[in-house]
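The values are calculated or read from the model by the stated rules, or taken from the named source; none is laboratory data. Please read these numbers as outputs of a predicted model, since none were measured by experiment. Reconstructed Cβ throughout: ideal geometry from the backbone, glycine too, with neighbour counts over all protein chains shown.
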Ligand code: ADP
């Protein structure tokens with residue numbers, strides 16, 4: 001008799017130790033993933049095993065519908081269960097959710113709150129049930145249920161164990177839900193950002209055609225007229241050219257947002273590329289009677305570059321040189337090769353840049369000029385874009401100036417590439 005008692009006491013201790021071990025294992029498993037579905041599976045599996053039950057399920061509260069829904073359930077019919085909403089009133093899970101108290105039912109046959117529809121839907125007969133609320137701080141987020149105790153009936157100890165499982169589970173579920181919401185918000189923002197970029201690209205593209213017509217006719221008008229009319233035509237042309245640059249900034253901004261895979265390197269003769277870029281800015285320079293002078297090395301420099309992006313960066317630098325230099329000044333566009341690096345520069349004799357702002361001018365929307373003066377206009381995007389376009393190709397862009405009134409030089413260095421690197425081929 002004594003031996004039987006001590007055996008019973010031993011197996012009880014053993015059972016408790018087993019349960020504690022399972023709870024430790026559970027908290028470790030819950031820490032191993034932030035994927036909500038994986039977490040839910042771990043929880044129901046543990047809840048069913050630890051209480052020696054046929055099944056377990058998790059119902060979560062849906063704030064939009066104000067009802068509970070099956071987020072996970074043992075067995076293959078979990079998906080079917082997910083289709084069945086569980087009302088907060090007049091259901092067992094709903095009562096646990098509302099009262100924040102556990103419920104143990106040894107017999108469900110005559111239980112009016114039992115959701116027979118759900119059982120019929122998945123062909124699972126629920127005989128007994130133990131359910132506890134999933135609580136995080138003062139808030140109940142759902143219900144954890146264990147169904148059909150295999151041997152005997154649900155005990156007080158079972159309830160306490162399931163409460164511990166539920167408290168670990170609630171924290172893990174809550175964290176995973178927050179991460180899911182964060183991911184969703186990030187996706188929404190990315191989508192909106194993409195829409196904005198597409199709109200900018202489309203708008204800037206569509207506005208270019210009518211603007212081209214204005215620039216064309218303003219040029220004719222200036223040439224065919226004299227005196228006051230010619231001055232007016234000059235102003236129209238100047239304003240239209242400025243507008244074209246703003247549109248180019250908008251368009252280039254979208255180019256900057258493209259990822260690294262959008263780099264399209266091609267072997268190009270850089271003297272040609274730079275001369276074409278200068279051509280784009282010649283009209284603007286002519287309005288201010290400025291001259292763009294080439295200082296290119298005599299030996300031909302050929303390299304793998306993304307011509308579109310490099311050209312856009314140089315056009316930006318030349319345009320700034322025109323804007324920030326007085327009339328009739330010279331602007332130098334230089335190119336040479338040095339230690340396997342291409343060095344390209346735009347030097348002007350304009351207003352210069354205070355030394356302490358040589359780096360900040362590359363920040364988005366940064367302008368040296370105070371916003372209330374605004375003699376030069378612009379959006380403070382040109383240099384950010386130019387730097388982004390150069391860095392995307394593994395190069396550098398920086399500014400040098402001896403200070404205000406001393407002119408500025410913007411320099412680009414790019415690796416001289418004759419053969420595509422593995423990343424270029426991806
Ligand atoms: P924005 O279109 O507003 O000029 P940028 O990004 O092209 O924007 O230039 C940022 C600021 O850097 C300019 O507003 C100006 O203060 C300064 N900057 C750029 N290029 C020159 C230059 N060549 N000479 C003097 N200042 C310059």
Report summary line: Exactly one of 207, 221, 246, 211 is more than 16 Å from the ligand (Cβ to nearest atom), more than 25 Å from the chain's Cα centre (by Cα) and within 28 Å of residue 190 (Cα to Cα), and that one is 207
Query raised in the report: Taking region 356-395 as the search range and keeping residues that are outside any loop (DSSP other than H, G, I, E, B) and out of contact with any helix residue (DSSP H, G or I) (no Cβ under 8 Å at 6 or more places or on another chain), which one is farthest from the ligand (Cβ to nearest atom)?
Result: 391
Query raised in the report: Applying the selection to region 296-355, what residues are within 16 Å of the ligand (Cβ to nearest atom) and assigned to a loop (DSSP other than H, G, I, E, B)?
Result: 324, 325, 326, 327, 329, 349, 350, 351, 352, 353, 354
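Okay, residues lined up against (1) out of contact with any strand residue (DSSP E or B) (no Cβ under 7 Å at 6 or more places or on another chain); (2) within 21 Å of residue 32 (Cβ to Cβ); (3) at pLDDT below 85; (4) surrounded by 13 or more Cβ atoms within 10 Å (Cβ to Cβ):
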| site | (1), (2), (3), (4) |
| --- | --- |
| 169 | no, yes, no, yes |
| 180 | yes, yes, no, yes |
| 209 | yes, no, no, no |
| 216 | yes, no, no, no |
| 222 | yes, no, no, yes |
**Report entry** Cβ-Cβ under 7 Å pairs, at least 6 apart or on other chains, region 364-393 side over 30 Å from residue 265 (Cα atoms), far side more than 9 Å from the ligand (Cβ to nearest atom) and in a loop (DSSP other than H, G, I, E, B)
**Finding:** 368/354; 369/375
Requested in this report: From the list 317, 273, 304, pick out the single residue that is farther than 26 Å from residue 234 by Cβ and modelled with pLDDT of 95 or more.
Outcome: 273
Query raised in the report: Do we find a residue being under 19 Å from residue 255 (Cα atoms), more than 9 Å from the ligand (Cβ to nearest atom) and touching a residue at least 24 places away in the same chain (Cβ under 8 Å) anywhere in region 396-408?
Result: yes
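Yes/no per residue for (1) at pLDDT below 90; (2) in contact with a strand residue (DSSP E or B) (Cβ under 9 Å, 6 or more places away or on another chain):
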site	(1), (2)
14	yes, no
36	yes, yes
53	no, yes
61	no, yes
73	yes, yes
76	yes, no
95	no, yes
Query - Residue within region 37-54 that is without any contact (Cβ under 8 Å) to a residue 24 or more places away in the chain and surrounded by fewer than 18 Cβ atoms within 10 Å (Cβ to Cβ) present - result: yes
Report summary line: Across region 55-84, the tally of residues that are within 35 Å of the chain's Cα centre (by Cα) and loosely packed, with under 15 Cβ neighbours inside 10 Å stands at 8
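Matching residues to (1) outside the structural domain of residue 390 (by TED's automatic domain parsing); (2) under 35 Å from the mean Cα position of the chain (by Cα):
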residue	(1), (2)
225	yes, no
232	yes, no
251	yes, yes
265	no, yes
274	no, yes
287	no, no
290	no, no
Query raised in the report: In the list 126, 140, which residue meets the criterion of being more than 23 Å from residue 22 (Cβ to Cβ), in the same structural domain as residue 60 (by TED's automatic domain parsing), under 38 Å from the mean Cα position of the chain (by Cα) and surrounded by 13 or more Cβ atoms within 10 Å (Cβ to Cβ)?
Result: 140
